[in-house]
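All remarks here apply to the structure that follows.
The values are calculated or read from the model by the stated rules, or taken from the named source; none is laboratory data. On a predicted model such as this, the values are computed, not experimentally measured, just so you know. Note that each Cβ is placed from the backbone with ideal geometry, even for glycine, and that neighbours are counted across all protein chains shown. What goes into the accessible areas is simple: the full protein's heavy atoms, side chains included, and nothing from ligands, DNA or RNA. Shrake-Rupley method; radii C 1.70, N 1.55, O 1.52, S 1.80 Å.
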Amino acid sequence: KKCKNPCDENLSKKCRKLKKKLESKCKIVIDCSPPPPPPKKLAWPGDFRWSFAGDVAGYNCLRIEEPAEPADHTWGDNRFCWKTGMNDPGFRWSYAGPIAGMRCTRIFEPADPHTWADNYLCVPKNSDLILSWSYAGPIPGEQGCIQWKEGADPHTWNDNYLCGHQAGFESHKSPAQWPQDFAWSFAGPLAGYTCLAIAEPAEPKSTTWGDNFFCVKSDKASPFMQWSFAGPIYDRKCTRILEPADPHTWADNYLCVPNDSPLNFHWTFSTGGRKGQCIQWKEGADRAGTWLDNYLCM
């Protein structure tokens with residue numbers, strides 16, 4: 001019993017002798033060196049990177065593929081990577097729907113015809129990484145974004161980003177309050193605000209939708225809003241932004257927030273439909289689309 005811990009620094013002479021005898025008889029070495037420190041925690045986004053040219057030295061990499069892509073689009077050597085010697089983030093890739101038991105982010109490019117609607121990057125449910133995908137530029141308010149680029153694919157793989165944050169990001173900031181911490185702009189981003197571009201690619205330049213933004217004060221915690229002009233975003237709480245008088249494909253446009261967000265928006269395309277406290281979304285140049293009486297409410 002006195003020799004229970006063979007690595008005790010104050011081991012008696014008798015116990016040290018017994019230890020040597022045990023090592024000799026059993027042909028083993030009792031290693032008393034201290035246990036290795038736990039692996040360092042990966043930090044988003046600095047410890048991650050994208051590669052369109054195979055594995056990267058000093059990184060562990062996950063193959064990102066879509067079997068329906070033609071060979072000349074060169075998706076066979078595309079990788080999403082993270083630094084070696086760090087904790088394992090537990091990533092898995094699926095080109096056939098979300099993986100059961102995991103938290104999955106849909107990787108979607110609506111302009112690509114090669115079955116990208118069912119592709120997902122997944123992490124364990126207890127992961128501290130909260131990921132979001134954008135097929136139209138970085139997402140404002142996120143901790144960081146990493147571009148996923150494939151120059152050989154002609155289907156607009158030049159503005160696609162994996163964005164995200166780690167749990168606790170901006171926890172030092174107070175939540176944005178509705179409506180006083182939000183604002184609409186039809187003339188570019190607002191100073192002192194973090195702004196989300198509200199765009200419909202089918203709109204002609206004459207309607208000037210290229211400088212329209214929905215904004216939240218920068219000194220408030222990000223509400224992690226996302227805009228989609230190609231249907232609701234998977235695993236997000238989305239509000240349809242519809243103007244039936246506008247002929248430029250507004251039927252599939254959505255403003256989305258995380259499922260656990262306290263923001264529960266209501267949209268109306270007429271003044272009479274307003275409920276609660278509202279912010280007007282106005283674009284005076286789009287007269288045919290009647291963007292003079294549209295409101296986001298809560």
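Worth a mention:
- Between A202 and N87, the FRET efficiency from the beta-carbon distance, with R0 = 45 Å, is close to 0.55.
- For the range 1-124, the direction-averaged projected area of the alpha-carbon convex hull comes to 13.2 nm².
- Relative intensity of the range 88-174 on a log10 scale, I(q)/I(0) at q = 0.13, 0.15, 0.19 Å⁻¹, equals -0.46, -0.60, -0.91, per a Debye sum over C-alpha point scatterers of equal strength in the absence of solvent.
- The range 149-298 - convex hull of alpha carbons, volume per residue in Å³: 131 Å³
- Solvent-accessible area of T271 with every protein chain in place, 1.4 Å probe, in Å² to the nearest 10: 60 Å²
- Å³ per residue enclosed by the Cα convex hull of the range 59-107: 77 Å³
- K237 long-range amide H proximity, modeled H, under 5 Å: V257, N259
- Summarising the label geometry, the points placed 7 Å from Cα in the beta-carbon direction at R287 and R63 lie 5.8 nm from one another.
- q = 0.07, 0.10 Å⁻¹, the chain: log10 I(q)/I(0) [Debye, one scatterer per Cα]: -0.39, -0.65
- Using a probe of 1.4 Å, the accessible surface attributed to V29 totals some 130 Å² when neighbouring protein chains are kept in position.
- Extreme residue, positive dipole direction of the chain, given options C195, I28, S270 (C-beta unit charges): I28
- Where L131, L190 fall by accessible area, highest first, once all protein chains stay in place (1.4 Å): L190, L131
- Residue by residue, the range 203-213 carries 3J(HN,Hα) couplings of 6, x, 4, 5, 8, 6, 7, x, 10, 9, 9 Hz when phi is fed to the Karplus relation 6.51 cos²θ - 1.76 cosθ + 1.60 (θ = phi - 60°); x denotes Gly or Pro.
- Angle of helix 13-26 to the longest C-alpha principal axis of the chain, folded into 0 to 90 degrees and rounded to 10: 80°.
- Cα gyration tensor category, rounded, prolate or oblate, for the range 116-236 with a/c compared to 1.5: oblate
- Pairs of alpha carbons in the range 239-298 separated by more than 14 Å make up 56% of all such pairs.
- For the set C145, C26, the ranking by accessible area, highest first and with no ligand, DNA or RNA atoms included, is C26, C145 under a 1.4 Å probe.
- Extension gain from Y234 to A53, taking 0.36 nm per residue of separation minus the Cα-Cα distance: 62.3 nm
- Within the assembled protein chains, the solvent-accessible surface assigned to K125 is about 140 Å², based on a 1.4 Å probe.
- Among the listed pairs K220/K275; K41/K237; K173/K217; K41/K83; K220/K282, those beyond 19 Å (Cα-Cα): K220/K275; K41/K237; K220/K282
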